[in-house]
Amino acid sequence: MTATEWITDAALILVVFRQLREGRLDRKTFLLPLAVVAFVAYSYLDTIPTGGNDLVLIAALMAIGAVLGIAGGVYTRIRTLDGQLLIKAGAVSAILWVVGMGTRMGFQVWVEHAGGADDVARFSLTHHITGQQAWVAAFVLMALTEVVTRVATIYVRSRTYKALHPVAVLDRAA
């Protein structure tokens, strides 16, 4: 892994750790993780391979990313204080985020430094996965899906919370 890859992975992990402290729900809450993952997608996602079973691999990892993202968003607490929406990532949310990030990082380290490249090559051949770019696309799209679904879940939950608690939000905002 390059220094840029380590820094990018660390930045994605720190996004959620930042939310372990309760903070105001604002545009930055949504834009920061989306910007980081957009940078990752731009940097590593040249093409989306469609040969063999590449799309099956990509869809499977994107589904895992969606489950992790939605669950992470569900396990993020939302409340109001003085008319402001506040969020705080719970332990489950943080653990799910680290599991997703750790899996991607662990896979990359295993392939590059722990002899996993031969195993992945055999698996790819057996399951008709066309090559390295399919794995890159699958893991990048998994991360992208995890971030987008987590942010979307928090957004929907925050709008629902405001709709269900209009008096609390309006009274405190006045």
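Given T130, T126, which one is of a type in the set (S, T, Y) and surrounded by 15 or more Cβ atoms within 10 Å (Cβ to Cβ)?
T130
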Hey, does segment 93-104 have a residue that's touching an Asp or Glu at 6+ places or on another chain (Cβ under 8 Å) and among the charged types (D, E, K, R)? yes
So which residues in segment 29-53 are loosely packed, with under 14 Cβ neighbours inside 10 Å, over 26 Å from F123 (Cβ atoms) and of a type in the set (S, T, Y)? Y42
Report whether or not A143 is closer than 15 Å to A66 by Cα, at pLDDT 90 or above and buried (at least 17 other Cβ atoms within 10 Å of the Cβ). no
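Mind telling me which of the residues A94, A11 ends up being open to solvent by 20 Å² or more (accessible area, probe 1.4 Å) and small (G, A, S)?
Working: A94 fails: open to solvent by 20 Å² or more (accessible area, probe 1.4 Å).
Sole residue among the options that is open to solvent by 20 Å² or more (accessible area, probe 1.4 Å) and small (G, A, S): A11.
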Residues of segment 100-110 being of a type in the set (A, V, I, L, M) and surrounded by fewer than 16 Cβ atoms within 10 Å (Cβ to Cβ), which ones? V109
Can you tell me which condition F39 does not meet? The list is (1) under 12 Å from the mean Cα position of the chain (by Cα); (2) closer than 18 Å to A11 by Cα, and all the others hold. (1)
Hey, could you check segment 54-76 for residues that are in contact (Cβ under 8 Å) with a residue 24 or more places away in the chain and touching a Gly at 6+ places or on another chain (Cβ under 9 Å) and say which is surrounded by the fewest Cβ atoms within 10 Å (Cβ to Cβ)? I64
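Name the residue that is surrounded by the most Cβ atoms within 10 Å (Cβ to Cβ), counting only residues in segment 17-28 that are outside any loop (DSSP other than H, G, I, E, B) and at pLDDT 85 or above.
Across segment 17-28, the extreme among qualifying residues is G23.
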Pairs, please: C-beta under 7 Å, at least 6 apart or cross-chain, first residue open to solvent by 80 Å² or more (accessible area, probe 1.4 Å) and in segment 148-160, second assigned to a helix (DSSP H, G or I)? Y155/F30
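The values are calculated or read from the model by the stated rules, or taken from the named source; none is laboratory data. Here the structure is a predicted model, which is why all the values come from computation and not from measurement. Reconstructed Cβ throughout: ideal geometry from the backbone, glycine too, with neighbour counts over all protein chains shown. Keep in mind that these areas ignore ligands, DNA and RNA; they rest on the heavy atoms of the full protein, side chains included. Shrake-Rupley method; radii C 1.70, N 1.55, O 1.52, S 1.80 Å.
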